[in-house]
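These notes concern the structure reproduced below.
The values are calculated or read from the model by the stated rules, or taken from the named source; none is laboratory data. These figures come from a predicted structure and were not determined experimentally. Because the Cβ atoms are built from the backbone with ideal geometry, glycine has one as well, and the counts that use them run over all protein chains shown. Ligands, DNA and RNA are stripped out before the accessible areas are found, and what is left, the full protein with its side chains, is counted by its heavy atoms. Shrake-Rupley method; radii C 1.70, N 1.55, O 1.52, S 1.80 Å.
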Amino acid sequence: MAVTGPSRCPGCGEPLESGDNFCGVCGADLSGTADGNAAAGDHPTLALTPQGAPRTAPGDGVPGGAYGGPGAGLPDEAYRAAPPPAPETRLPDAGVPADPRETLAVPTCVACRTGAVDQDGYCERCGHAQPRERDHFERALTRVAAVSDRGYRHHRNEDFFAVADTTLVDGSPAVLAVVCDGVSSATRPDDASRAAAETAAEALVTALPREPQPQQAMHDAIVAAAKAVDALAAAPDGPQEHDPYRRQNAPACTLVAAVAAGGVLTVGWIGDSRVYWIPDDRTAPGARLTEDDSWAAQMVANNLMTEAEAYADERAHAITGWLGADAYELQPHTKAFRPDRPGVVVVCTDGLWNYTEAADELAAVLPLDAGERPLDGARTLVHHALDSGGHDNVTVAVVPFPAPVRGAGSA
């Protein structure tokens, strides 16, 4: 039976125009009926199950219906102009016969929400690059949280962080955060930052319950991280000492870490990533607790330039200390403090402090409830860096610090 005038496809229910030979949505063959339109019952066995992500009609929970819409990541005009995606086809694996009944779960684009994602990570419909695992990642424990983001200018995220909780020798709880920034001019900076952060955190978690001096545990953790990064430069087929090129442009990164426990804040670092102290009472001054291993810091320390002059120089961010097989003699820095009031510790890479270098600038951005909601605090600081330009990878850890029992000042 055939009908005239507009009708609906018996498979997907979408409206059809007179003269259509194929459904514009599901691709069903409508030939053989008058005017190319199909009446209900004409194709009772037609298979319409789409391959990949299921298509949905408007109002089925996806903004804009089957092909996206406002709020899905592209301008409205892009949705009006874009054609429906073609049905995907499954390519059989080598040596494995394809089952004609099997469909392939093709990843769906995060921007247009309908296009298939190719093997290179781009949408085949709108061309949008899909996020990778390290482009943006977060972790939150009870009393520490961290967020890392690729930013807008780098093609990958070369930062990494690790957060953990453990105990001290006396059984009191301790929390820690390690943040590393890969040196972009080195090879495999992303591998270096990950190896350093994970190794240092593991070393601290192991040592703090046994080592009565947290500063010594911090020093040893940085040494262990340095060895892990050094190992990345080792030749795969032989001992390191027989590879004359292993120290040239070796994987490298900076490291900064903080341990909060027992009323004492212990920090350690090498490079130009930083730790800031921000009191909950914002009328009290905050402070930067680390000193950069950088050209600018060296100029200021030697009274050769003012801080403003040094950081205005194009050489300002050239680091003088780092982890890597091509580094100079390793000299980890460690310090301990006893804050006299509650607050939060901010551990970050220069992707953040480039925009909020002074402690009071950082305090103006950090939410007042960051001590109670450290993940929100870390997210806010990362978003501030992105809103300010996002020129670099940015990583922020927020560690709430309770009021100590006694004293103030450096331990």
* **Accessible surface, per residue, of segment 130-218 when the full set of protein chains is kept, probe 1.4 Å, Å²** => 46 Å²
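Can you check what the net charge comes to around D170, using other residues whose Cβ is under 15 Å from the Cβ of D170 (Lys, Arg +1; Asp, Glu -1)?
Values: positive: R210; negative: E211.
Neighbour charge sum, excluding D170 itself: 0.
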* Built amide H within the under 5 Å cut-off of V183, gap 5+ -> A252, C253, T254
* Structure fact -> Whole-Hz Karplus couplings 3J(HN,Hα) for segment 347-359, θ = phi - 60° and coefficients 6.51, -1.76, 1.60, Gly and Pro as x, run 10, 8, 8, 5, x, 9, 5, 4, 9, 9, 6, 7, 4
* Asked: Hey, what's the Kirkwood Rh for segment 132-410 if you take every pair of different alpha carbons, in angstrom?
  -> 18.7 Å
* Asked: Over what distance in Å are the Cα centres of segment 159-226 and segment 342-362 separated?
  -> 20 Å
* To do: Scan around A318 for amide H atoms under 5 Å from its own, H built in the peptide plane at 1.01 Å from N, and keep only partners 5 or more places away or cross-chain.
  => W295, A296
* **chymotrypsin sites (Phe, Trp or Tyr not before Pro) within segment 148-237, DSSP loop, no more than 13 other Cβ atoms inside 10 Å** => Y152
* What GluC sites (Glu not before Pro) does segment 295-329 have in DSSP loop regions with at most 13 other beta carbons within 10 Å? -> E314, E329
* What are the residues whose amide H is under 5 Å from the amide H of F401, where those residues sit 5 or more places off or on another chain and H is modelled from the backbone? -> G343, V344, V345
